[in-house]
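S.K.: Dumping the structure here so I can ask a few things about it.
Readers should treat all values here as calculations from the given coordinates under stated rules, not as data from a laboratory. Everything numeric in this text was worked out from a predicted model, so none of it was measured. Glycine gets a Cβ as well: all are built from the backbone with ideal geometry, and neighbour counts include every protein chain shown.
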């Protein structure tokens with residue numbers, strides 16, 4: 001039977017090691033590049049500028065919210081908010097799909113806690129995601145009327161989002177050892193999820209008989225509730241947030257249990 005407190009105990013016992021691994025991942029990310037860490041801000045800033053020009057100026061797209069549609073920069077910011085959350089999930093999962101295979105030396109070390117590898121990868125992605133959040137907040141400050149106190153509620157959504165992402169990453173990392181097609185598979189699945197998540201379109205545009213396809217996608221709820229607190233100056237659905245937390249906690253424990261059970265055969269396969 002799986003010990004539900006195994007991962008928290010590992011985190012506490014090896015917290016310094018997790019910090020060191022995460023810092024190493026951060027240093028390696030842009031090692032050898034000219035701009036280095038600046039790329040973590042330059043890439044999303046360029047994307048935000050392109051979205052603003054294409055959708056806000058050329059297409060003059062509207063989202064269907066009267067108070068925001070009067071501002072041509074609102075549509076790109078709404079998209080950027082959804083894209084930010086989706087990239088946190090997709091990058092973490094895609095990175096972990098071949099994580100164990102790419103680090104066979106850690107598998108052969110009996111005393112090394114392999115459970116930290118996916119966690120450090122997810123932590124690295126979310127740390128770089130701070131750049132996306134900062135740029136989004138800067139865009140809101142510049143283009144929207146004012147900031148709202150509801151922005152302080154963002155951690156209520158980022159915490160379950162991190163748990164959900166880590167749980168899926170655990171499962172993907174474990175199966176990636178036995179199924180070498182996992183990187184290609186996760187790439188296809190995340191691409192499908194990209195269009196099944198309301199990033200470039202509001203849920204109201206989807207026919208009612210097909211909206212269930214979006215409703216069963218957890219990323220839909222994370223994106224919609226995050227937009228509420230950051231852009232719409234609305235409080236989130238606290239009942240939904242609580243449900244997302246327990247659902248994400250379940251996915252995290254399920255993914256961790258899967259990883260712990262399957263890691264016993266990693267050395268034989270590698």
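S.K.: Is it possible to state the helix-based mean residue ellipticity at 222 nm for the chain, with each DSSP H run of 4+ residues giving -39500 (n - 2.57), the sum divided by total residues, to the nearest 500 deg cm²/dmol? What is it?
M.R.: -21500 deg cm²/dmol
S.K.: What is the gain in length, in nm to one decimal, between residue 261 and residue 11 on full extension, counting 0.36 nm per residue of separation less the C-alpha to C-alpha distance?
M.R.: 88.2 nm
S.K.: Enter the angle in degrees (range 0 to 90, nearest 10) between the Cα long axis of helix 155-178 and the first principal axis of the Cα atoms of the chain, meaning the one along which they spread out most.
M.R.: 40 degrees
S.K.: Determine, at each q value in 0.13 (inverse angstroms), the log₁₀ of I(q)/I(0) that the Debye formula gives when each Cα of the stretch 132-246 is one equal point scatterer.
M.R.: -0.63
S.K.: Take the eigenvalues of the Cα gyration tensor for the stretch 6-269, scale each by 5, and report the square roots as semi-axes in whole Å, largest first.
M.R.: 34, 20, 17
S.K.: Here's a follow-up. Given R₀ = 25 Å, FRET efficiency for residue 247-residue 205 by Cβ-Cβ distance, to 0.05?
M.R.: Plugging the Cβ-Cβ distance into 1/(1 + (r/R0)^6) gives 0.45.
S.K.: Among 132, 63, rank each residue by its count of other Cβ atoms within 10 Å, from fewest to most, as a rough exposure measure.
M.R.: Ordered by Cβ neighbours within 10 Å, fewest first: 63, 132.
S.K.: For the chain, modelled as a GNM with alpha-carbon contacts under 10 angstrom, which of 139, 243, 129 fluctuates the most?
M.R.: Of the options given, 243 has the highest mean-square fluctuation.
S.K.: Let me ask something else. If a/c stays under 1.5 just call it rounded; otherwise compare a/b with b/c (prolate if a/b is bigger, oblate if not). Do that for the stretch 53-205, with a ≥ b ≥ c from the square roots of the Cα gyration tensor eigenvalues.
M.R.: Prolate.
S.K.: Of the candidates 89, 143, 75, which one comes out as most mobile in a Gaussian network treatment of the chain with C-alpha springs shorter than 10 Å?
M.R.: 143
S.K.: Would you please classify the overall shape of the stretch 178-264 from the alpha carbon gyration tensor, given that a ≥ b ≥ c denote the square roots of the eigenvalues, rounded means a/c under 1.5, and beyond that prolate means a/b larger than b/c while oblate covers the rest?
M.R.: Because a/c hits 1.5 or more and a/b fails to exceed b/c, the stretch 178-264 counts as oblate.
S.K.: Compute the long axis of helix 39-51 from its Cα atoms, compare it with the longest principal axis of the Cα atoms of the chain, and write down the angle in degrees, 0 to 90, nearest 10.
M.R.: 30 degrees
S.K.: Further question on the same structure: To the nearest 10 degrees, how steep is helix 15-29 against the longest Cα principal axis of the chain, on a 0 to 90 scale?
M.R.: So the helix axis and the longest Cα principal axis differ by about 60 degrees.
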